[in-house]
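The values are calculated or read from the model by the stated rules, or taken from the named source; none is laboratory data. Note that this is a predicted model, so its numbers are computed, not measured. A quick note on method: Cβ atoms are made from the backbone with ideal geometry, for glycine too, and the neighbour counts reach across all protein chains shown. Calculation scope for accessible area: heavy atoms of the full protein, side chains included, ligands and nucleic acids excluded. Shrake-Rupley method; radii C 1.70, N 1.55, O 1.52, S 1.80 Å.
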Amino acid sequence: MRNVIIIGSGPAGYTAGLYSARALLKPLMFAGYMSGGQLMLTSDIENFPGYPNGIGGPEMMLELREQAERFGLEVQDKNVERVDFSERPYRVWVEGREFRSESIIICTGAESIWLGVEGEDAQKGRGISTCATCDGAFFRDEEVIVVGGGDSAMEEATFLTRFAKKVTIVHRRDVFRASKVMYERAVNHPKIEIKTHRIVKSWLSDDNGLTGAVLEDPRDNSTETVECTGAFIAIGHKPITNFLESQVETDDNGYILHKKNTMTSVEGVFAAGDVVDTRYRQAITAAGMGCQAAIDAEKWLEDQH
Ligand code: NAP
């Protein structure tokens with residue numbers, strides 16, 4: 001029986017862990033088999049205050065975890081399979097074992113969205129990836145495509161110039177969601193070409209792997225083929241909420257809704273980070289919300305006794 005169980009382990013989870021450990025709530029975290037969240041797949045974080053020279057994503061997650069563990073956060077690198085929030089104490093199942101807790105903080109974040117076009121499934125994890133940091137080095141001196149017009153696409157494309165001979169960014173509009181600084185860095189890079197008003201219709205491959213993409217201009221439906229041996233999809237993310245089986249209210253896209261401060265539709269169940277956030281989705285905002293959720297959980301627990 002626990003005071004707080006934290007599900008998930010990105011900046012929101014570790015910060016919630018840090019605060020609830022310092023509040024002497026003896027929190028237990030299920031960090032997931034792939035602990036650390038999306039920042040484990042990020043190269044340099046340049047916009048987290050306090051790191052004037054930037055810091056690697058995995059390095060930052062390790063340090064956040066160490067900091068929280070120093071104050072007593074207990075971490076298990078396991079996935080939560082299912083939950084039962086129908087009565088208190090709440091129940092959580094991990095590898096078939098049941099855990100009970102008075103309160104829960106959900107920080108499971110989000111995962112990459114794929115395009116879902118013809119030829120993609122066969123090349124997933126081979127020629128087509130959603131993580132340049134993980135797979136970029138496989139494409140040394142090759143030509144690659146990055147799909148998307150947000151910060152992720154700009155970051156992936158710029159990172160890929162370390163290895164690839166040429167990087168083509170394919171974006172469906174000519175307006176970019178990316179921040180100005182990241183867009184400028186990409187657009188001014190000699191190895192990067194940007195193709196706007198293009199959608200990927202299908203991926204082409206042969207026995208050796210990916211060979212290209214068929215792109216369509218939605219304005220006149222004209223198509224062209226671009227050669228590439230690697231492709232990176234950076235078109236956004238979807239929240240990881242399946243394991244909740246609709247026991248917590250979400251919006252139509254699955255993002256958890258806050259009802260009072262960081263409390264969800266279930267009393268004593270809180271949520272923080274990208275699993276909630278449809279707008280900011282930054283490491284610093286996730287960490288801030290993790291802090292809020294821990295403080296809200298602490299006050300709520302106090303009120304119960
Ligand atoms: P995003 O900002 O939502 O951008 C997604 C991009 O993918 C948009 O350009 C969108 O096009 C395009 N897209 C979506 N669905 C598509 C589809 N089916 N086919 C083709 N294109 C599609 O997502 P993100 O780039 O992953 O960024 C998410 C958040 O993380 C943002 O708040 C961003 O600032 C943050 N982030 C920050 C950093 C950093 O600061 N270092 C790095 C990465 C991400 P439309 O514009 O036409 O909708």
Practice item. Could you rank the peptides 60-68, 136-144 by their average count of other C-beta atoms within 10 Å per residue, with the highest value first? Key: 60-68, 136-144
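Report the gain in length on full extension from Thr278 to His305: 0.36 nm times residue separation, minus Cα-Cα distance, nm rounded to one decimal. Each step should come with its number before you reach the end.
On the way: separation 27, 0.36 × 27 = 9.72 nm, distance 3.42 nm.
Extra length from Thr278 to His305 when fully extended: 6.3 nm.
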Review point. Label points 7 Å out from Cα along the Cβ direction at Thr196 and Lys26: separation in nm?
Key: 5.9 nm
Review point. Using the heavy atoms of the protein chains alone and a 1.4 angstrom probe, what is the accessible area of the chain per residue in square angstrom?
Key: 50 Å²
Exercise for review: Roll a 1.4 Å probe over the protein heavy atoms and report the accessible area of His305 in Å², nearest 10.
Suggested key: 150 Å²
Check your understanding: For Cys131 and Glu267, FRET efficiency with R0 = 41 Å and r from the beta-carbon atoms, rounded to 0.05?
Key -> 0.65
**Study point:** Dipole of region 114-233, positive direction: furthest Cα of Gly116, Gly209, Gly136, with charges on the beta-carbon
**Key:** Gly136
Check your understanding: Can you give the accessible area of Phe85 in Å² (nearest 10), computed on protein heavy atoms with a 1.4 Å probe?
Key -> 20 Å²
Practice item. With a/c under 1.5 counting as rounded, go ahead and sort the chain into rounded, prolate or oblate using the C-alpha gyration tensor (a ≥ b ≥ c being the square roots of the eigenvalues; past the cut-off, prolate if a/b is larger than b/c, else oblate). Key: prolate
Point to revise | Label point distance in nm, Glu63-Asp84, each placed 7 Å from Cα along Cα→Cβ | key: 4.3 nm
Revision key, fill the gap. For the chain, percent of DSSP beta bridges that are antiparallel (nearest 5) comes out at 50 percent
Review point. Ignoring ligands, DNA and RNA, what percent of the 1.4 Å accessible area of region 138-214 is carbon and sulfur?
Key: 46 percent
Review point. Zone of Asp217 (label point 7 Å along Cα→Cβ, backbone N under 16 Å): which residues in region 152-182?
Key: 170-175
Practice item. Name the aspartates and glutamates eligible as straight-distance cross-link partners of Lys165: C-alpha to C-alpha under 19 Å, and not fewer than 8 places from it in the same chain. Key: Asp135, Asp141, Glu142, Glu143, Glu155, Glu156, Glu193, Glu227
Point to revise | Cysteines, the chain, no other Cys beta-carbon under 4.7 Å | key: Cys107, Cys228, Cys291
Review point. Over the heavy atoms of Trp300, what accessible area does a 1.4 Å probe trace out, to the nearest 10 Å²?
Key: 20 Å²
Practice item. Grab the DSSP H runs of the chain that are 4 residues or longer, score each as -39,500 (n - 2.57), total them, divide by all residues and round the 222 nm result to the nearest 500 deg cm²/dmol. Key: -7500 deg cm²/dmol
**Study point:** Sequence of Tyr19, Tyr90 from largest to smallest accessible area, 1.4 Å probe
**Key:** Tyr19, Tyr90
**Study point:** Label-to-label distance, nm, for residues given as Trp114 and Glu184 (7 Å Cα→Cβ offset)
**Key:** 3.7 nm
Review point. Carbon and sulfur: what percent of region 91-130's accessible surface (1.4 Å probe)?
Key: 40 percent
